[in-house]
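Student: One structure follows; several queries about it will come next.
The values are calculated or read from the model by the stated rules, or taken from the named source; none is laboratory data. Worth saying up front: this structure is predicted, and the values here are computed from it rather than measured. Virtual Cβ from ideal backbone geometry, glycine too; neighbours counted across all protein chains shown. Side chains included, ligands, DNA and RNA excluded: accessible areas come from the protein's heavy atoms. Shrake-Rupley method; radii C 1.70, N 1.55, O 1.52, S 1.80 Å.
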Amino acid sequence: MSTLRLVTQNQWSTGDNTPEWEKLGKDCSAKARMPGHLQVIKDIMPDILGGQEVDRRMQSYLMNLITDERLPYTLIWGLFVPIIYRRDKLELLDQEYLMYPLDMEGYDGPFNNARTKACNLAVFREKASGKVFIYATTHLWWQSDDMTPGSRLARAYQARLATEMMEKYSKQYQNCPMVFCGDLNDVYDSPCVKAMEEAGFVHGYHAATEFRFEGMGYNNNNYSLPPKWIDAPFEKAIDHVFVKGFKKDAVKRFDRYCPDYYLYLSDHAPCYIDIEI
């Protein structure tokens, strides 16, 4: 039996430095921040990392750094939602990318800004055990209902589209288990989380048997400087991990990585589970 570390991370798609950061003698450009994201990978050594807000330049910078360090990772391209996985431990069997639609019946959208909201799915075989499972990373629509009416329901709609795609592949691979994670842009008590639970998924926080990170894992780095971690409970977090089809005690740890150096990399802390396959 093997334990895998499965991570979701919003890396903050900011390409160039800003005047606010320049005043502090800091550089928030993609090129300046990607060595920090490499350090995150070296620190927590994910078996799979699903990204959000990782644009083309960021993916290229990061993979070049990974190659220079001779780390055993491979990229699955996915516009702003790539997947990076350990090729020494995992074999890729299948893959699909789903861009969410702009519209939702009954509401005036659009609900996909710059076509950045999507789900990237991969089917993996863990080499040591031969076990097959699905991993999917997503980024859902971001606005509030006050900004665009129907936004919370749009996120639930997008989550259902993602789970339908996952179920299709699960059936194709002998009802294999599934992990769904990402920046859902909504809190625990929300329609999109309820949609996941209605589809039979369990939140990693509740599934964890040995450790649960109780905080939000969010900071204010792109609207107020100097940045700091926000003191808020798990229920206020918008980055989530869900599981379905694993044995009851498979998830050992639900955690967020929040070192101080990360404050200048992204406003979202990496969120992850350790799970037995």
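Student: What list of whole percents do you get for P(r) of segment 131-277, with Cα-Cα distances grouped in 5 Å bins up to the one holding the largest distance?
Tutor: Going out from 0 Å in 5 Å bins, segment 131-277 shows 2, 10, 18, 20, 20, 15, 9, 4, 1, 0, 0 percent.
Student: Let me ask something else. Taking only Cα atoms and a 10 Å spring cutoff, compute GNM fluctuations for the chain and point out the largest among 194, 89, 171.
Tutor: The residue that fluctuates most here is 171.
Student: So, one more: Solvent-accessible area of residue 147, probe 1.4 Å, all protein chains present, reported in Å² to the nearest ten, please.
Tutor: About 110 Å², rounded to the nearest 10.
Student: Here's a follow-up. Calculate the dipole size of the chain relative to its Cα centre from +1 charges on Lys and Arg beta carbons and -1 charges on Asp and Glu beta carbons; express the result in debye to the nearest 20. Walk me through the numbers before you get to the answer.
Tutor: Values: 32 positive and 38 negative charges, 165 e Å.
That gives the chain a dipole magnitude of about 800 debye.
Student: Can you tell me, using C-alpha contacts under 8 Å and at least 6 residues apart, the relative contact order of the chain as a whole percent?
Tutor: On the way: 618 pairs, mean separation 56.9, N = 277.
The value is 21 percent.
Student: Right, something else. Taking N as the number of residues in segment 233-277, what is its Cα Rg relative to 2.2 N^0.38 Å?
Tutor: Values: Rg = 12.8 Å, N = 45, 2.2 N^0.38 = 9.3 Å.
Relative to the 2.2 N^0.38 Å estimate, segment 233-277 comes out at 1.37.
Student: With +1 assigned to the C-beta of every Lys and Arg and -1 to the C-beta of every Asp and Glu, and no other charges, what is the dipole magnitude of segment 7-117 about the Cα centre in debye, to the nearest 20? Numbers along the way, then the final one.
Tutor: Values: 13 positive and 17 negative charges, 88 e Å.
Rounded to the nearest 20 debye, it is 420 debye.
Student: Write down the radius of gyration of segment 180-266 and its Dmax, each obtained from C-alpha positions, in Å.
Tutor: Cα-based Rg and Dmax for segment 180-266 come out at 14.0, 44 Å.
Student: Moving to a separate point now. So what J values fall out for segment 194-201 if you push phi through Karplus, 6.51 cos²θ - 1.76 cosθ + 1.60 with θ = phi - 60°, rounded to Hz, Gly and Pro as x?
Tutor: Values per residue, Gly and Pro as x: 4, 4, 5, 5, 5, 7, x, 7 Hz.
Student: Just need log10 I(q)/I(0) for segment 4-45 at q = 0.13, 0.27 Å⁻¹, Debye formula, equal scatterers on the alpha-carbon atoms, no solvent, rounded to two decimals.
Tutor: -0.35, -0.95
Student: How large are Rg and Dmax for segment 9-73 when calculated on the C-alpha trace, in angstrom?
Tutor: 12.3, 38
Student: With a 1.4 Å probe and all protein chains in place, put 56, 33, 125 in order of accessible area, largest first. Please report the intermediate quantities before stating the final value.
Tutor: Numbers: 56 145, 33 5, 125 85 Å².
Descending order: 56, 125, 33.
Student: Where a Cα-Cα gap under 24 Å defines reach, which lysines qualify for residue 131, not counting those fewer than 8 residues away within the same chain?
Tutor: Straight-line reach from residue 131, under 24 Å: 89, 168, 171, 244, 247, 248, 252.
Student: Continuing with the same structure: I want to verify a result. In a Gaussian network model of the chain, Cα cutoff 10 Å, which of these has the top mean-square fluctuation: 176, 192, 119?
Tutor: Of 176, 192, 119, the Gaussian network model singles out 176 as fluctuating most.
Student: Could you pull out every residue, at least 5 positions away or on a different chain, whose amide H is within less than 5 Å of the one on residue 10? Hs are placed 1.01 Å off N in the peptide plane, and Pro or chain starts have none.
Tutor: Sorted by chain and number, the residues that satisfy this are 52.
Student: Using a Cα-Cα cut-off of under 12 Å, which aspartates and glutamates could be cross-linked to residue 228, ignoring same-chain neighbours fewer than 8 residues away?
Tutor: Reachable aspartates and glutamates: 260, 267.
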